[in-house]
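J.: Pasting a structure below so you can have a look.
The values are calculated or read from the model by the stated rules, or taken from the named source; none is laboratory data. Source: prediction; values computed, not measured. Positions of Cβ are backbone-derived with ideal geometry, glycine not excepted, and every protein chain shown enters the neighbour counts. Ligands, DNA and RNA are stripped out before the accessible areas are found, and what is left, the full protein with its side chains, is counted by its heavy atoms. Shrake-Rupley method; radii C 1.70, N 1.55, O 1.52, S 1.80 Å.
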Amino acid sequence: MSDAKKLTADTPLIHQGCEIANSTFGAYCEVGAFSRVLNSAFGDYAYCDRMADIANADISKFSNIAAMTRIGPTDHPMRNAAQHHFLYRSELYFDDASDDAAFFAARVARRLSLGADCWIGHGAIIKPEIRVGIGAIVAAGAVVTKDVPDFMIVAGTPAKPLRMRFADEVAQDLMDLAWWDWDHARLRRALPDFRAMPAAEFVAKYRGPRP
C-alpha cells in the first residue's frame, strides 16, 4: 500500500466519486468509492466499502460496513394521498412552492446507531431508528427492521437472530474489556494476540483472572 492510501489520524481517506454532506469522521476512517454519507458521524477506525449509502447515522468505532449497503434509508410520506417527490421537493416542480422543511427535519431526526466493531454485510439494509449492537453481525442482503443485540448474528428479510457470536461470559468479558476504547499504541501492541487468539483466550489474557 502506498503512503497516499494509508489511513491517518488526521484526515479520513475518502475515495473517488463520494458525496459527503454534514458528516464528521474520527481518526483512521475510510469511505469507499462512490459512497454517499449524509448527516452522519463516523467514530475512529470506522469505514464503509464502495457504493455504501448512509444517512442520519451514528457509527461507532471500528464499525465495518460492506459495499452496496443502505444504512438509514429514508421513507416517503405513505400516509398522504400521494408519495411522490412533488409533496416535499416542491421547488423542483412549482415556481411558487417551497420545499417541505418540516418533512426533511423529521427525516434527519430519525437516527440509527451502529455499535463498536459491528459488521454490516454486503447489500444489507438497516432501517432508520435501529440500534445494531456492539460486535453484532448483519448478514449480506439482510433487511434490519428491529434492534440487534450486542454480539448477535442476524440474517434474512426481515432479519432474524441466528445465534450469539460468543457464550454470555465471553461477551460480558469483551464488554468489560472494551478494547475498542484502547489507544492506537495499545492496539498495535496487542495486534499479534488479536490475530492469533480466539476471543475467550484474548479476554482471559487482557482482562485478567475473574474474582
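J.: Largest first, what is the accessible-area ranking of 49, 168, 176, 150 with a 1.4 Å probe?
T.: The most accessible residue leads, giving 168, 176, 49, 150.
J.: Between residue 145 and residue 79, what is the spin-label point distance in nm, taking each point 7 Å from the Cα along the Cα→C-beta axis?
T.: So the label points at residue 145 and residue 79 sit 1.8 nm apart.
J.: In addition: With the Cα gyration tensor of the chain in hand, give its eigenvalues times 5 under a square root as the equivalent ellipsoid semi-axes, listed largest first in whole angstrom.
T.: The answer is 36, 21, 14 Å, longest axis first.
J.: Could you report region 69-211's accessible area per residue, 1.4 Å probe, as an integer in Å²?
T.: Value returned for region 69-211: 60 Å² of accessible area per residue.
J.: Something else: Calculate one ³J(HN,Hα) per residue across region 147-152 by plugging θ = phi - 60° into the Karplus curve 6.51 cos²θ - 1.76 cosθ + 1.60, and present them in order as whole Hz with x for glycine and proline.
T.: The phi angles translate into 4, 10, x, 4, 6, 8 Hz.
J.: Given a 1.4 angstrom probe, I'd like the percentage of the accessible area of region 98-178 that is carbon and sulfur, rounded to a whole number.
T.: Roughly 59 percent of what the probe reaches on region 98-178 is carbon or sulfur.
J.: Would you please name the chymotrypsin sites (Phe, Trp or Tyr not before Pro) within region 145-183 that are DSSP coil residues with at most 16 other C-beta atoms within 10 Å of their C-beta?
T.: Passing sites in region 145-183 are 182.
J.: To the nearest 20 debye, what is the magnitude of the charge dipole of the chain about its Cα centre, counting +1 on the Cβ of each Lys and Arg and -1 on the Cβ of each Asp and Glu?
T.: Around 640 debye, computed over the chain.
J.: Can you grab the distance from the C-alpha centre of region 140-211 to the C-alpha centre of region 6-58, Å, no decimals?
T.: About 23 Å separates the Cα centre of region 140-211 from the one of region 6-58.
J.: Assign unit charges at the C-beta atoms only (+1 for Lys and Arg, -1 for Asp and Glu), then state the dipole size of region 1-71 relative to its Cα centre in Debye, rounded to the nearest 20.
T.: The dipole of region 1-71 has a size of about 140 debye.
J.: Now for a separate question. Work out the FRET efficiency for residue 200 and residue 178 from their Cβ-Cβ distance, taking R0 = 22 Å, and round it to the nearest 0.05.
T.: About 0.85, to the nearest 0.05.
J.: Which trypsin sites (Lys or Arg not before Pro) from region 2-97 combine a DSSP loop assignment with at most 14 other Cβ atoms within 10 Å?
T.: Loop-located and lightly packed - 6, 79, 89.
J.: Okay, moving on. How much accessible surface area, in Å² rounded to 10, belongs to the heavy atoms of residue 18 with a 1.4 Å probe?
T.: 40
J.: For region 144-211, what mean projected area does the convex hull of the alpha carbons give, in nm²?
T.: Approximately 5.8 nm², given one-decimal rounding.
J.: Now, a different point. Just want the answer: with Cβ charges of +1 for Lys and Arg and -1 for Asp and Glu, which residue in 11, 21, 196 is farthest toward the dipole's positive end in the chain?
T.: It is 196, whose Cα lies furthest towards the positive end.
J.: A further question on this structure: Using alpha carbons only, how many degrees (0 to 90, rounded to 10) separate the axis of helix 184-196 from the longest principal axis of the chain?
T.: 70
J.: For all pairs of alpha-carbon atoms in region 5-128, what percent lies in each bin of width 5 Å, listed from the first bin to the last filled one?
T.: For region 5-128, the pair-distance distribution reads 3, 11, 19, 22, 16, 11, 9, 6, 3, 1, 0.
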